[in-house]
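**Student:** Take a look at this one; I'll ask things after.
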Amino acid sequence: MTWQLRRATVDDVAAIMAIETSVFETDAWSDEMMRADVASPHTYYVVAFHPETPDVIDGYAGFLAPAGSRDGDVQTIAVAEHARRRGLGRVLMGALLGEARRRRVSEVFLEVREDNPVAQGLYESLGFVPIAVRPHYYQPDDVAAVVMKLTVPEPQPGLAVGHEITATEAPA
């Protein structure tokens, strides 16, 4: 599958929220929270779409790292049901980790639902390690969060293998 990536803008919030509310049924962010986060100068949000259907967002991800910070946080990541199991989550995480390198972040943190082994497996395959558990983190479901950390590796030269990606940037 081929996707294009571009930096998200507040004009994408409606499409982002459609995925957000379908994926995170009980603990989705509000429209206002998402709009503020996408617009923040401290965050980097990216959306993915198929080149033939640029108006249909298949996934999104957000990263927070204020200027000068050595730490960053994966704010959110979600893939629409129709685009799952095709590597898009990995592609989106790759975009966030690329931004972490550009911002000179040395450690990236995230929280993942304890009852989501698929996401945990993805993060572990990218080098994240569990460092803590936050009981009762996800409400109203009363599910614990596994806190994971990645020490950002230096880029390694080599051949790119996997899905074809074309990244385009919208003006900030």
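The values are calculated or read from the model by the stated rules, or taken from the named source; none is laboratory data. Everything numeric in this text was worked out from a predicted model, so none of it was measured. Counting neighbours? That spans all protein chains shown, and the Cβs are built from the backbone with ideal geometry, glycine included. Side chains included, ligands, DNA and RNA excluded: accessible areas come from the protein's heavy atoms. Shrake-Rupley method; radii C 1.70, N 1.55, O 1.52, S 1.80 Å.
**Student:** Among the residues of segment 133-156 satisfying the criterion of being farther than 16 Å from D71 by Cα and β-branched (V, I, T), which is surrounded by the fewest Cβ atoms within 10 Å (Cβ to Cβ)?
**Tutor:** Step by step, filter segment 133-156, then rank; the result is V133.
**Student:** While we're here: From the list V118, V112, which residue is open to solvent by 30 Å² or more (accessible area, probe 1.4 Å) and under 15 Å from V146 (Cβ atoms)? Talk me through it step by step, then tell me what you get.
**Tutor:** Values: V112 fails: open to solvent by 30 Å² or more (accessible area, probe 1.4 Å).
Only one candidate qualifies: V118.
**Student:** If the requirement is being free of Cβ contacts under 8 Å to residues at least 24 places away in the same chain and more than 12 Å from W3 (Cβ to Cβ), which of these qualifies: R70, R85?
**Tutor:** That would be R85, the only listed residue that is free of Cβ contacts under 8 Å to residues at least 24 places away in the same chain and more than 12 Å from W3 (Cβ to Cβ).
**Student:** Mind listing just one residue for me: the one in segment 54-77 that is open to solvent by 20 Å² or more (accessible area, probe 1.4 Å) and of a type in the set (D, E, K, R) and, of those, farthest from I16 (Cα to Cα)?
**Tutor:** R70
**Student:** Hey, which of the strands (runs of 3 or more DSSP E) in segment 1-105, taking only ones fully inside, have at least 3 residues that are closer than 28 Å to T151 by Cα and touching a Pro at 6+ places or on another chain (Cβ under 9 Å)?
**Tutor:** 3-7
**Student:** For V105, all conditions in the list (1) closer than 11 Å to W3 by Cβ; (2) over 15 Å from the mean Cα position of the chain (by Cα); (3) buried (at least 18 other Cβ atoms within 10 Å of the Cβ) hold save one; what is the number of the exception?
**Tutor:** For V105, the failing item is (1).
**Student:** Exactly one condition in (1) open to solvent by 50 Å² or more (accessible area, probe 1.4 Å); (2) within 11 Å of G62 (Cβ to Cβ); (3) not hydroxyl-bearing (S, T, Y) is not met by A8; state its number.
**Tutor:** (1)
**Student:** Quick check on P130: is it surrounded by fewer than 17 Cβ atoms within 10 Å (Cβ to Cβ) and at pLDDT 95 or above?
**Tutor:** yes
**Student:** Okay, moving on. Return the total of residues in segment 106-147 being of a type in the set (S, T, N, Q) and part of a helix (DSSP H, G or I).
**Tutor:** Residues flagged as of a type in the set (S, T, N, Q) and part of a helix (DSSP H, G or I) within segment 106-147 amount to 2.
**Student:** Starting from segment 133-145, take each residue that is in contact (Cβ under 8 Å) with a residue 40 or more places away in the chain and list its partners that are open to solvent by less than 80 Å² (accessible area, probe 1.4 Å), counting only C-beta distances under 6 angstrom and pairs at least six apart or across chains.
**Tutor:** Cβ pairs passing all conditions: Y138/D27; Y138/R113; P140/T26; D141/T26.
**Student:** Quick check on A80: is it aliphatic (A, V, I, L, M), in contact (Cβ under 8 Å) with a residue 40 or more places away in the chain and buried (at least 17 other Cβ atoms within 10 Å of the Cβ)?
**Tutor:** Against the criterion (aliphatic (A, V, I, L, M), in contact (Cβ under 8 Å) with a residue 40 or more places away in the chain and buried (at least 17 other Cβ atoms within 10 Å of the Cβ)), A80 qualifies.
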